[in-house]
Amino acid sequence: MNKKVVFEAKNLCINAVRDDGSELPIVKDINFQVREGEVVALIGESGSGKTTIALSSLGYCKPGLKISNGQTTLFNQDLTTMNIEELRQIRGEKVAYLAQSAIATFNPALKINEQVTESAVIHGSKTQIEANEFAKGLYHSLDLPNPEHIGERYPHQVSGGQLQRLMAAMALCGEPSLLVLDEPTTALDVTTQIEVLKAFKKVIRERGAAAIYVTHDLAVVAQIADRIVVLYSGDIQEKGSANEVISKPRHPYTKRLMQAVRPLPAAGKKTKANKTDKVIQIKGVSAGYGGDVMSKPKEVILKDINLELSRGEVLGVIGESGSGKSTLARVIAGLLPSFKGEILLDGEKLKPRLEDRPRSELRKIQFVYQMADTAINPKQTIGNILGRPLEFYLNIYGNKQKERVLELLDMVELPKEFYTRYPHELSGGQKQRINLARALAAEPEVLLCDEVTSALDSIVGANVIDLLRGLRKNLGVSFVFISHDLSTVSAFADSIAVMYKGIIAETGSVHKVLSPPSHPYTDLLISSVPELRVGWLEDADKNIQKAKTLLEKEYII
Amino acid sequence: MISDKNNEDKHFVAPYSKEVSFDELQDAPPSGKFRLSITGKLGVIVVAFWLFVAVFGQFLAPYEENDLPFPDDYSEFQKPRAGAWLGTDVDDRDILSRIMYGAGRTIGISLAGVLIAYVIGVTLGIGSSIAGSRIDQILTQFFNIMLAIPTIMFGLVVVAAVGSSIPVLIITAGAIFSPVVFRLSRALGMEIMVMDFVEAAKVRGEGYRWIIFKEIWPNAAMPLISDFGLRFIYVILFVSSLSFLGLGVQPPLADWGSMVRENLGALQYGESVIPILAPAIAIASLTVAINLIVDDVSAHAGGKLSGRL
Amino acid sequence: MYRIILTKIGAGLLTTLGVSIVIFLGTNALPGDAAQIRLGQAATEDSLKALREELGLNLPLYQQYFRWLFNFVQGEFGTSLASGNVTIAQLISDRYENTLIVSSLTAMIGVPISVGLGIIAAMFPGSIYDRFLTLGSVTLVAAPEFFTATLMVLFVVFFLGIGNAVVVGSIDDKNLAELITHFILPIATLCLVIAAQLIRMTRAAVLNVMNSPYIEMAILKGIPRRRVVMRHALLNAIGPIVNVIAINLAYVVTGVIVIEVYFGYAGLATLIVQGVQTRDYILIQTLGMIFCATYVILMMIADLSSILSNPRLRHPK
């Protein structure tokens, strides 16, 4: 444990400077070290200051922020006192940065190779020819397709997962001693995430570089970090070796973060729903976009879907982006009329078009959107937002309405004072609760929840799931719960429908779907769910490769 | 504890109390309340001053707009002196009085014009964004053609066709500037229409009335109001330019643009420049002042609205 | 991508056609027709009828329109109604040089300087230089052209003592010094007028690019400031900047009207104002079309430049 210290933050304090000149502390007295060949993870949710701290290792503060106290050192050189030119010499050469979204960080007008090599060439550590060769080597070791020629492309000509790896090449080309990775896999689909993570891990180990890994995802951290720093509101809560923090968390905040990571439930969970009373039956429904209403659309998204939802049941719908899971919800809600097949609500046929459905039917199916930020009107008070469905569907006005709204607020565990507030005064999780309460106000039979937790931090998301579980028990509402996250779905649902390329790949009770033998795509999803243990990545990789080969055979991806 | 914090090899746990709940952190704290900058405040003062003059100017002016302050001492372009604090114009009329009379006319015509443009543009623009493809296409095509004609050129053709009078000026200004307002409100309407909360209202089964007035309008109002100032500037410039070309407000009525034209001779004869400069400054001070306010407001709103167009 | 360009050009042509209809109908609303005006009040019914037939005024309106459009495209603009028997082509050929010189010199001098100033302002946002430029352009953008012109006259003529407040005579027999005094005021004024708008819009376009994540990335890669601006930012800003330039050149088309009248400058713009005053609708039709077509073409260039600058379209997958 006497390795050289690469980076150190000493009593680091960073403030945000507001328009009126007042300052607000964002990072409060942070101390930590990164030593040679070591990956240190900064863990925290939004607002924890983790990105701000990571950027300080490049001597950089986002506009509007400034270091108010303490220092950051790189090989014992103080970064806070360096001038622009000195910092320029270090950036890209000794420290390199990988951002969250590669699509935004690649310059759309320049070829990939120029962007990958330019830092090394400009700093003079390599000639253009050496850098080109080195970059090709990196493309090879990052498992990029067509490594000899991928650099000649423009950023928009390669996929998101590839671009994310190319960004790693960009950072590594100058052979830096310290890598700063800022949520580099968050924007990716689960199955892609594993591959990218694997590539990163391999390269970091090969090059022996030190790294700062910023993320909110404990399961990811478990795979890659040597040591963990847990942050909350700009303060260190817990700090220690990865093994220790993950297996024996001591601080209550760390414990809560751990709880929010849900392991896949063991197969064998019992279903409670009454299987005979069907609320929704979907029979042979096909739908898509383009073309005239009711005729066959140009692009068919959903193909011959058959599903059933019993009263009080929670049906989880899972799939990756583009699988058609959100489209399914839109078809049930009537936003996208199906051109084939039929949907029955309480045994009666629903009109495909929203406009043709009577108000009483509309009331029974309520839609809950993913982004609470855009799903509630910013110019209406919470009282108005929740009051409207009451007067619209149930003819409840005046004092009775207000009473009911307060009850609803109570139901979603929000204080009564919110009645007169506007959405922008609420946090993300609170807005999502309002979003839910608005749907509940209609006293529906079915709630269509479209990725309701994916925009939220993990703890907040876990709390919303707990709330949903309670509501379900008390109200007896049925749910169609759509998500890309298998562990969230299986924690809440009774039965699962796995969607893949517009069809139902597999359906059945959670128990049935999770236990083998299952569809190769389900296998792929199951093996991609990160587990909170060190060494999982390597184990998972074998299963993932197996599932992928099977899937390719069957579907020719 | 301190030693632990700095010893990298020891497991460190921050002190905590049982009560702390580690709630979700609020989003970025709202920046300080909106305050006008110095230039913005200056703008407000100047605009208020001109609005006052526009309404009360004709009652406070020392002379009628076509009166001669010195009937016995008739000579054009007199230098400022007691009795005519800004001197006299090409017909020996008092420039100060004419500016005070002209204020009401220039500002009144422009304000009426921009209001008409807004009524037409916003109604059709928001309507078009909701009405859907067929009507929307026709309206957009039509207004695109209107937009392809430079405003002054449009004014020239209209004035050539029907002659110039104050009602014609107002209606022309309204018609010429409605396409821009149409485009802005349509864009805004479209932007808001695809928001989830509008879709949520549709899924609820709400009718057009509710969607327009309760969902779209409250969100479109603020951007539209801040664009109003900018549009007002352009209409003032348009009306004054037409008057300057001799095709707007007709003599002997005083109007800032036509005052510049009437007195253009002062330049040729190398006389006092005040007869030209005074009305030009009047217009510029008003439009620049409005622009200073608009600039302040849109800087606060984050990004210029006109950037959308 | 060629399809997009062709659609844009097609749309531009359609717009021009639409504009021509508006102009034709607008000028047709003028009281009295060409025959009446040309022959005067004393004309007999027979001679009126004969002339109308000759000019095609007895045809249905749409046929008259197509006839006019057809002639216009071939460069046959007809004869002026107000100035005796002078053809419109004659009137235009006497004047177009003046307008062309002023607007092209404005473009050649004003555009590069303004764009340069705008880029520098965007490189140092918040600096004293930037604030000064921003305040200056906020002021000039909103001020009427004749205000700017008056300021220029005060400065150039009365303060510097060069140039004439009024442009007199033709340019044919003048030496260089005389030519400079001849043109300096209208050109300087027009330059100032478009500079205000151009600086603002260029600055905004470059700042927009400078705030994008890939610029931050370039800084974090230790790329020198010059290269960040010249290679990373400008390459992406070039489309928006060309767009801004085209929009402002289109603006010169209208701005030149007020400037020509202000300085009593004998160009196309004064001609059209004259046409409106004498209700010479054939002159208005022709010049209106010329101005509008130029405007539409420049706007089309603006549109195309922003499409062409998008690498996603230039290098499809």
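The numbers here are math on the coordinates, done by the rules we state, and not lab data. Predicted model only: the values in this text are computed from it and were never measured. Cβ sites come from the backbone with ideal geometry, for glycine too, and all protein chains shown count toward neighbours.
Data table
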read-out: Cβ-based exposure ranking for C:HIS232, A:HIS251, in which fewest neighbours within 10 Å come first; value: A:HIS251, C:HIS232
read-out: Residue order, fewest to most surrounding Cβ atoms within 10 angstrom, among B:TRP50, B:TRP210, B:TRP256; value: B:TRP210, B:TRP50, B:TRP256
read-out: Spin-label pair C:LEU235/B:VAL55, simplified geometry with 7 Å Cα→Cβ offset, distance in nm; value: 5.8 nm
read-out: Assigned charges on the beta-carbon of Lys, Arg, Asp, Glu; the range A:358-475 dipole about Cα centre (debye); value: 320 debye
read-out: Taking only Cα atoms of chain C, radius of gyration then Dmax in Å; value: 24.0, 86
read-out: Under 12 Å, Cβ to Cβ, from C:GLU216 - net charge with Lys/Arg +1 and Asp/Glu -1; value: +2
read-out: Residues A:GLU538, A:GLU313, A:GLU183 arranged by fewest to most Cβ contacts within 10 Å; value: A:GLU538, A:GLU183, A:GLU313
read-out: FRET efficiency estimate (nearest 0.05) - Cβ-Cβ, A:LYS416 to B:VAL194, R0 30 angstrom; value: 0.35
read-out: For the range A:483-557, alpha-carbon Rg over 2.2 N^0.38 Å; value: 1.10
read-out: 3J(HN,Hα) from dihedral phi, the range A:331-346, Karplus parametrisation 6.51/-1.76/1.60, rounded to Hz, x for glycine, proline; value: 5, 4, 6, x, 5, 10, x, 7, 9, 9, x, 9, 10, 10, 10, 6
read-out: For the range A:172-184, Karplus couplings with θ = phi - 60° (6.51, -1.76, 1.60), whole Hz, Gly/Pro x; value: 7, 4, x, 6, x, 7, 9, 10, 10, 10, 9, 6, x
read-out: Residues with amide H under 5 Å from that of C:THR79, placed H, sequence gap 5 or more; value: C:ILE88
read-out: Per-residue ³J(HN,Hα) for the range A:310-316, Karplus 6.51 cos²θ - 1.76 cosθ + 1.60, θ = phi - 60°, Hz, x for Gly and Pro; value: 7, 5, x, 8, 10, 9, x
read-out: Dipole magnitude of the protein assembly as shown about its Cα centre (Cβ charges: Lys, Arg +1; Asp, Glu -1), debye to nearest 20; value: 3380 debye
read-out: Projected-area mean, the range A:418-557, by convex hull of Cα positions, square nanometres; value: 10.7 nm²
read-out: Inter-site label distance for B:MET222 and B:ILE138 at 7 Å from Cα along Cβ, in nm; value: 3.6 nm
read-out: For A:PHE32, distant residues with modelled amide H under 5 Å away; value: A:ALA9
read-out: Convex hull volume per residue in cubic angstrom - Cα atoms of the range B:128-240; value: 115 Å³
read-out: Neighbourhood charge, 10 Å Cβ-Cβ cut-off, centred on C:ARG231 and excluding it, Lys, Arg +1 and Asp, Glu -1; value: 0
read-out: For the range A:91-247, the fraction of alpha-carbon pairs in successive 5 Å shells from zero, as %; value: 2, 9, 19, 22, 21, 13, 7, 5, 3, 0
read-out: Cα-based helix-to-principal-axis angle, A:536-555 vs chain A, degrees rounded to 10; value: 60 degrees
read-out: Chain C: DSSP helices with Cα axial extent of at least 30 Å and average Kyte-Doolittle hydropathy no lower than -0.5; value: C:2-28, C:88-123, C:176-210, C:234-262, C:281-308
read-out: At 0.890 mPa s and 25 °C, Stokes D of the range C:243-315 from Kirkwood alpha-carbon radius, µm² per second; value: 179 µm²/s
read-out: Distance between modelled label sites at C:ARG67 and A:ARG353, nm, 7 Å Cα→Cβ extension; value: 4.9 nm
read-out: Residues C:ILE297 and A:GLU206, FRET efficiency given R0 of 51 Å [Cβ-Cβ distance, rounded to 0.05]; value: 0.30
read-out: For the protein assembly as shown, with +1 on Lys and Arg beta carbons and -1 on Asp and Glu, the positive-most of C:THR27, B:LEU224, C:THR139 along the dipole; value: B:LEU224
read-out: Pair-distance profile P(r), taking every C-alpha pair of chain B, with 10 angstrom steps and integer %; value: 6, 20, 24, 19, 12, 8, 5, 4, 2, 0, 0
read-out: Cβ-based net charge around A:GLY161, under 10 Å, with every Lys or Arg adding one and every Asp or Glu removing one; value: -1
read-out: Within 10 Å of each Cβ in A:110-122, the average number of Cβ atoms from other chains; value: 3
read-out: Neighbouring partner chain Cβ atoms per residue of C:146-159, average, 10 Å criterion; value: 4
read-out: Hydrodynamic radius of chain A per Kirkwood, over alpha carbon pairs, in Å; value: 25.8 Å
read-out: Residue (of A:THR507, A:SER286, A:SER360) at the positive-pole extreme of chain A, dipole from beta-carbon charges; value: A:SER360
read-out: Cα point-scatterer Debye curve for the range B:83-158, base-10 log of I(q)/I(0) at q = 0.15, 0.16, 0.26 Å⁻¹; value: -0.73, -0.77, -1.14
read-out: Extreme residue, positive dipole direction of chain B, given options B:ALA175, B:PHE49, B:ASN263 (C-beta unit charges); value: B:ALA175
read-out: The range A:13-76: Rg to Rh, with Rh as the Kirkwood radius over Cα pairs; value: 0.98
read-out: Gaussian network model of chain C, springs between alpha carbon atoms under 10 Å - residue of C:GLY126, C:GLY255, C:GLY116 with greatest fluctuation; value: C:GLY126
read-out: Cα-based Kirkwood hydrodynamic radius, the range A:1-43, one decimal, Å; value: 12.4 Å
read-out: Cα-Cα pairs of the range A:338-380 separated by more than 15 Å (percent); value: 56 percent
read-out: Binned Cα-Cα distances of the range C:136-268, short to long, each 5 Å bin given as a whole percent; value: 2, 10, 16, 15, 13, 11, 9, 8, 7, 5, 2, 1, 0
read-out: Cα radius of gyration and Dmax for the range C:205-245 (Å); value: 10.1, 32
read-out: Rg ratio (alpha-carbon, reference 2.2 N^0.38 Å) - the range A:198-242; value: 1.23
read-out: Long-range amide H partners of A:LEU448 with built H, under 5 Å; value: A:GLN366, A:PHE367, A:VAL368, A:VAL480
read-out: For the range A:306-405: span of alpha carbons on each principal axis (Å, largest first); value: 44, 31, 27
read-out: Angstrom value of the Kirkwood radius, inverse mean 1/r, which spans all Cα pairs in the range A:415-467; value: 12.0 Å
read-out: Size of the protein assembly as shown as Cα extents on the principal axes (Å, biggest first); value: 107, 74, 61
read-out: On Cα atoms only, tilt of B:38-60 relative to the major axis of chain B in degrees; value: 40 degrees
